[in-house]
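Accompanying notes for the structure given below.
The values are calculated or read from the model by the stated rules, or taken from the named source; none is laboratory data. Note that the coordinates shown come from a computational prediction; the quantities given were computed from them, not determined experimentally. Here the Cβ is made from the backbone with ideal geometry for all residues, glycine too, and neighbour counts use every protein chain on show. Just so you know, the surface numbers come from the protein's heavy atoms only, side chains and all, with ligands and any DNA or RNA stripped out. Shrake-Rupley method; radii C 1.70, N 1.55, O 1.52, S 1.80 Å.
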Amino acid sequence: MHPDEFRRHGHQLVDWMADYFARVGDLPVTPAVRPGDIRRRLPTDPPAAGEPFDALFGDFREIILPGMTHWNHPGWFAYFPGNNSPPSVLGEMLTATMGAQCMSWATSPAATELEQVVMDWLRGMIGLPAGFTGVIQDTASTATLMALISARERAGNGPALTVYASREAHSSVDKGARLAGYAVEHLRHIPVDPGFALDPAALERAIEADRAAGLTPACVVATIGSTSSTAIDPVEAIAAVCRRHGAWLHVDAAYAGSAAIVPELRPHFAGMERADSVVFNPHKWLLTNFDCTAYFVRDVDALLRACRASPEYLRTAHDAEVVNYRDWGIQLGRRFRALKLWFVIRSYGVDGLQAMIRRHVALARELAGWVGSDARFELMAPVPFGLVCFRWRPAGMPEPEIDRRNEVLLARVNASRRVHLTHTRLGGRYAIRLVVGQRETGREHVEEAWRLIGETADELSDWSP
Ligand code: PLP
């Protein structure tokens, strides 16, 4: 592509992107496609001759876009958010343009040093002390794997190492433990209290039983903001247990960690500063487009012992005096993720980011109030952040039937394609999850979701399977 053509199409694309941000709320939030629909419209073989960019862009609009789910839609209430912002996208464009490869300080000095500075900003923003060092990972799953590997290193890499997390912990903990080489029979799922938070007394009992059996407790993963219900494990108490038994404490705050920048929400994170490592995802709730995970660790050496590799062909003159982030994770090649994060923090300022999180949390609490005061519905868990778990509870109906009706209710609400919500199971019961977390989500969007839910419940009152 000639530079003049690049300029023309670049401008065309930026115009499209600006329009997309402005009108995404008018699009159906989820696509009306069946498995295979998109693939059938694409050629099975690549073109022998190059095609004009207009043809590619045309196909993007005609074929790809109608098959996309719009996570930026203000009616997106599903999973946890993956929000983004114009400054983040602009940062990503520059990163791609430079083709930055940031495996070593020498391969992109500014990328390494910016990452050090931005991670230090972020560390202070979430209230972690200076003893923590930050590094950007691709996902929370990878960061948790790094924590598990570091814990394994510190515990001496033996075969009898154990890992503990609550029954509500994210699946990435079990997956990471398996990948890090812990024996599956040494993974402990600790019971939770009625608010779905880990029971520290049960944790201590499990650790004592394991030690009595000759096993070594290597790592405990505590969650602040669990995936199903944003439950908050009692990190202070868990940290005390970890200290007593010499286990590494990793805090998984993948979604909720962004809320630690808000002073009045900070009490939810009590004890986090006593952890060995902490992860949270700016790519979930801090306006930084996927992927961007912040991993903070005290004992960097344990990580370096596991990950460092210095073959001759990678050595540079400055290795002794610089950070080479290739040694801080699995992959050699690294993206330049700090730039978009820097753009976001500078564009919105800490005040602007705090304001967004406050707005989302306030909307979630308002919705929780509507749910709580409507006799047809029931709240299923506390609402410390932006997630509301609830269900429709038709009077006099057996539990399995209530589950089934809520499933149908959710499917019908989502079929509107105006909003999108997901579900979970809490205490064995089907629960609808609504998370407020998109940049443009306002009160009117939460109201629309609640209206659709109420109307659908009324329609379904006489429904029989
Ligand atoms: N931990 C928790 C508590 C999560 O909720 C999630 C995803 O929602 C993850 C970990 C995994 O995040 P990632 O997709 O960044 O690996």
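Does the stretch 190-212 contain at least one residue that is open to solvent by 30 Å² or more (accessible area, probe 1.4 Å), farther than 22 Å from residue 388 by Cβ, touching a Ser or Thr at 6+ places or on another chain (Cβ under 6 Å) and at pLDDT 95 or above?
No.
Answer yes or no: is there a residue in the stretch 250-264 that is surrounded by fewer than 17 Cβ atoms within 10 Å (Cβ to Cβ) and assigned to a helix (DSSP H, G or I). Talk me through it step by step, then tell me what you get.
Keep residues of the stretch 250-264 that are surrounded by fewer than 17 Cβ atoms within 10 Å (Cβ to Cβ), which gives 263-264.
Now restrict to residues that are assigned to a helix (DSSP H, G or I): 263-264.
Yes, there is a match, as at least one residue in the stretch 250-264 is surrounded by fewer than 17 Cβ atoms within 10 Å (Cβ to Cβ) and assigned to a helix (DSSP H, G or I).
With the condition being modelled with pLDDT of 95 or more and open to solvent by 40 Å² or more (accessible area, probe 1.4 Å), I'd like the strands (runs of 3 or more DSSP E) fully within the stretch 320-428 carrying at least 1 qualifying residues.
377-379, 422-426
Filter the helices (runs of 4 or more DSSP H) completely within the stretch 30-102 down to those with at least 1 residues that are open to solvent by 40 Å² or more (accessible area, probe 1.4 Å) and under 30 Å from residue 226 (Cα atoms).
86-98
Which residues, taken from the stretch 272-297, are assigned to a loop (DSSP other than H, G, I, E, B) and surrounded by fewer than 19 Cβ atoms within 10 Å (Cβ to Cβ)?
The answer is 290, 291.
Can you tell me which residues in the stretch 130-170 are more than 10 Å from the ligand (Cβ to nearest atom), open to solvent by 40 Å² or more (accessible area, probe 1.4 Å) and within 14 Å of residue 278 (Cα to Cα)?
Within the stretch 130-170, 130, 131, 133 qualify.
Looking only at the stretch 429-465, which residues are basic (Lys, Arg) and either crowded, with 16+ Cβ neighbours inside 10 Å or in contact (Cβ under 8 Å) with a residue 24 or more places away in the chain (or both)?
429, 433, 439, 443
Just give me the residues in the stretch 242-261 being within 16 Å of the ligand (Cβ to nearest atom) and of a type in the set (A, V, I, L, M), in sequence order.
249, 251, 253, 254, 256, 259, 260
With respect to residue 173, determine if the residue is open to solvent by less than 50 Å² (accessible area, probe 1.4 Å), at negative phi, in a helix (DSSP H, G or I) and within 15 Å of the ligand (Cβ to nearest atom). Show your work before the answer.
Values: open to solvent by less than 50 Å² (accessible area, probe 1.4 Å): yes; at negative phi: yes; in a helix (DSSP H, G or I): yes; within 15 Å of the ligand (Cβ to nearest atom): yes.
Yes: the conditions hold for residue 173.
Specify the residue that is farthest from residue 435 (Cα to Cα); the eligible residues are those in the stretch 103-123 that are of a type in the set (Ser, Thr, Tyr) and open to solvent by less than 10 Å² (accessible area, probe 1.4 Å). Steps first, answer last, please.
Here is the first cut: in the stretch 103-123, the residues of a type in the set (Ser, Thr, Tyr) are 104, 107-108, 112.
After this cut, where a residue has to be open to solvent by less than 10 Å² (accessible area, probe 1.4 Å) as well, the list is 104, 112.
Values: 104: 38, 112: 34 Å.
The qualifying residue farthest from residue 435 (Cα to Cα) is 104.
In the stretch 266-319, which residue that is touching a Gly at 6+ places or on another chain (Cβ under 9 Å) and more than 16 Å from the ligand (Cβ to nearest atom) is farthest from residue 440 (Cα to Cα)?
Applying the filter and picking the extreme gives 307.
Against the conditions (1) hydrophobic (A, V, I, L, M, F, W, C); (2) modelled with pLDDT under 95; (3) within 16 Å of the ligand (Cβ to nearest atom), where does residue 71 fall short? Just the number, please.
The number of the failed condition is (2).
Can you tell me which residues in the stretch 217-244 are more than 23 Å from residue 80 (Cβ to Cβ) and open to solvent by 10 Å² or more (accessible area, probe 1.4 Å)?
236, 237, 240, 243, 244
Select, from 179, 215, 203, the only residue that is out of contact with any strand residue (DSSP E or B) (no Cβ under 8 Å at 6 or more places or on another chain) and either of a type in the set (Lys, Arg) or free of Cβ contacts under 8 Å to residues at least 60 places away in the same chain (or both).
179
Please list, ordered by first then second residue, the pairs with beta carbon atoms under 8 Å, 6 or more apart or interchain, first in the stretch 252-268 and polar (S, T, N, Q), second within 8 Å of the ligand (Cβ to nearest atom) and open to solvent by 10 Å² or more (accessible area, probe 1.4 Å).
Close Cβ pairs satisfying both conditions: 258/284.
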